[in-house]
Amino acid sequence: MSSSDSKAQSFVRRRALILGVAVILGTLALDVQAEPIPDGALAPHRVGWFDNGGTMTCAETCKAKAPGSSAEHEPSPIAPTKRVFVCKVAGKPNGDLRTWLYGNQFDDRPACYTTGLDLKGSYSKKFSCLCVR
């Protein structure tokens with residue numbers, strides 16, 4: 001076996017190793033880009049997204065589906081509402097989980113108000129609420 005054959009085999013092995021590592025890292029990257037807050041369950045840090053069932057406000061959703069938690073909210077800057085809650089809706093195409101839009105749910109109005117890149121506002125009666133314990 002000549003020295004050039006040995007170098008060629010070594011080169012091929014290194015390339016195969018690099019390709020293998022790249023495939024493994026690429027596969028792991030798919031998991032890393034997932035949303036850190038799960039749907040339908042409280043994570044170890046005690047935060048989770050819960051579906052409102054199409055009829056409940058965020059305060060009602062968290063009380064019913066994650067007992068002991070409260071809906072994430074801030075004082076509302078929009079009169080006459082008092083509180084604004086964090087919500088999210090599935091984007092387009094209908095129900096595509098990769099295109100969540102985050103929005104606001106105001107006081108006792110069971111709708112999540114969002115604005116897309118086109119700056120057109122919309123609302124949805126089916127949304128998820130951020131519950132915190």
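Listed values, structure above:
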item: Residue check, Ala79 part of a loop (DSSP other than H, G, I, E, B), surrounded by fewer than 10 Cβ atoms within 10 Å (Cβ to Cβ), small (Gly, Ala, Ser) and at pLDDT 80 or above; result: yes
item: Within segment 55-71, tally of residues that are in contact (Cβ under 8 Å) with a residue 60 or more places away in the chain and more than 13 Å from Gln105 (Cβ to Cβ); result: 5
item: Meets criteria (of a type in the set (D, E, K, R), farther than 21 Å from Leu42 by Cα and in contact with a strand residue (DSSP E or B) (Cβ under 6 Å, 6 or more places away or on another chain)) for Arg109; result: no
item: Leading residue by the ranking (surrounded by the most Cβ atoms within 10 Å (Cβ to Cβ)) among those in segment 114-129 that are within 16 Å of Gly54 (Cα to Cα) and of a type in the set (Gly, Ala, Ser); result: Ser128
item: Candidates Ala29, Ala22, Ala8, filtered to the one that is at pLDDT below 75, outside the structural domain of Arg109 (by TED's automatic domain parsing) and exposed (fewer than 10 other Cβ atoms within 10 Å of the Cβ); result: Ala29
item: Complete set of residues in segment 100-110 that are in a strand (DSSP E or B) and modelled with pLDDT of 90 or more; result: Tyr102, Gly103, Asn104, Gln105, Phe106
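So that you can scan it fast, the table gives a plain yes or no per residue for (1) surrounded by fewer than 15 Cβ atoms within 10 Å (Cβ to Cβ); (2) under 17 Å from the mean Cα position of the chain (by Cα); (3) at pLDDT below 95:
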site: Lys63; (1), (2), (3): no, no, no
site: Lys88; (1), (2), (3): no, yes, yes
site: Arg98; (1), (2), (3): yes, yes, yes
site: Cys112; (1), (2), (3): no, yes, no
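The values are calculated or read from the model by the stated rules, or taken from the named source; none is laboratory data. Just so it is clear, the structure is predicted and the values come from calculations on it, not from any experiment. Don't worry about glycine lacking a Cβ; one is built from the backbone with ideal geometry, like all the others, and counts go over all protein chains shown.
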